[in-house]
Amino acid sequence: MNVIVVQELIQYLNEIFPNIHYSLTKPYSYYRDACSYYLNGHCVSFARILKALFNNSRLYVSSFHVLVKIENYFYDVSGVVSDFNPRYYRFSEIDDYYLNTILNNEDWLEQKLEDILIYLGKIKLQGLMELYTETLKH
């Protein structure tokens, strides 16, 4: 998977997040961007989204954060994580107890957001892959 495609997909998810969040939380809504949501207690949720979109991805967990490895790069909601230090992370499965209890700050909104972002992400990823493949042909 091309790093540019992954970055573009993450950027797209970040761009559509506020409107989806707002539509699910009105009339008690407030503005929330993807980074403020997924970097403050919901990194496990974003990892599940990327894992659903990229089947061959792997999760890496530290005592406070989850990253997703897609090919040779590590990602979170902010995009490529350039300062990854393997001393602080270990490989994890999606059903890991620590991941789903200690790190997971699940709220009533999380699963709804995941479902919508995975659905829209799959559509966007298909378009990005077609565009990327077409570009390689020329």
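The values are calculated or read from the model by the stated rules, or taken from the named source; none is laboratory data. From a predicted model like this one, the values you see are computed outputs, not experimental measurements. Methodologically, a virtual Cβ is constructed for each residue, glycine included, from the backbone with ideal geometry; neighbour enumeration extends over all protein chains shown.
State which residue is modelled with the highest pLDDT when the search covers only the stretch 4-53 and only residues that are touching a Lys or Arg at 6+ places or on another chain (Cβ under 7 Å) and either surrounded by fewer than 21 Cβ atoms within 10 Å (Cβ to Cβ) or more than 28 Å from Asn72 (Cβ to Cβ) (or both).
Once the filter is applied, the top-ranked residue is Tyr12.
Being modelled with pLDDT under 90, touching a His at 6+ places or on another chain (Cβ under 8 Å) and of a type in the set (A, V, I, L, M, F, W, C) is the requirement here; does Leu99 meet it?
In short, no.
How many residues does the stretch 123-138 hold that are within 14 Å of Ile49 (Cα to Cα) and surrounded by 13 or more Cβ atoms within 10 Å (Cβ to Cβ)?
Going through the stretch 123-138 one residue at a time, the tally reaches 2.
So in the stretch 97-122, with the set limited to residues that are among the β-branched types (Val, Ile, Thr) and over 15 Å from the mean Cα position of the chain (by Cα), which one is farthest from Ser62 (Cα to Cα)?
Thr101
If you check Lys69 against the conditions, is it surrounded by 14 or more Cβ atoms within 10 Å (Cβ to Cβ) and basic (Lys, Arg)?
Against the criterion (surrounded by 14 or more Cβ atoms within 10 Å (Cβ to Cβ) and basic (Lys, Arg)), Lys69 qualifies.
Is it the case that the stretch 99-107 has a residue that's touching a Gly at 6+ places or on another chain (Cβ under 7 Å), surrounded by fewer than 17 Cβ atoms within 10 Å (Cβ to Cβ) and within 22 Å of Leu53 (Cα to Cα)?
There is at least one residue in the stretch 99-107 that is touching a Gly at 6+ places or on another chain (Cβ under 7 Å), surrounded by fewer than 17 Cβ atoms within 10 Å (Cβ to Cβ) and within 22 Å of Leu53 (Cα to Cα).
Anything in the stretch 28-52 that is closer than 17 Å to Val81 by Cβ and hydrophobic (A, V, I, L, M, F, W, C)? List them, or say none.
Hits for the stretch 28-52 are Ala34, Cys35, Leu39, Cys43, Val44, Phe46, Ala47, Ile49, Leu50.
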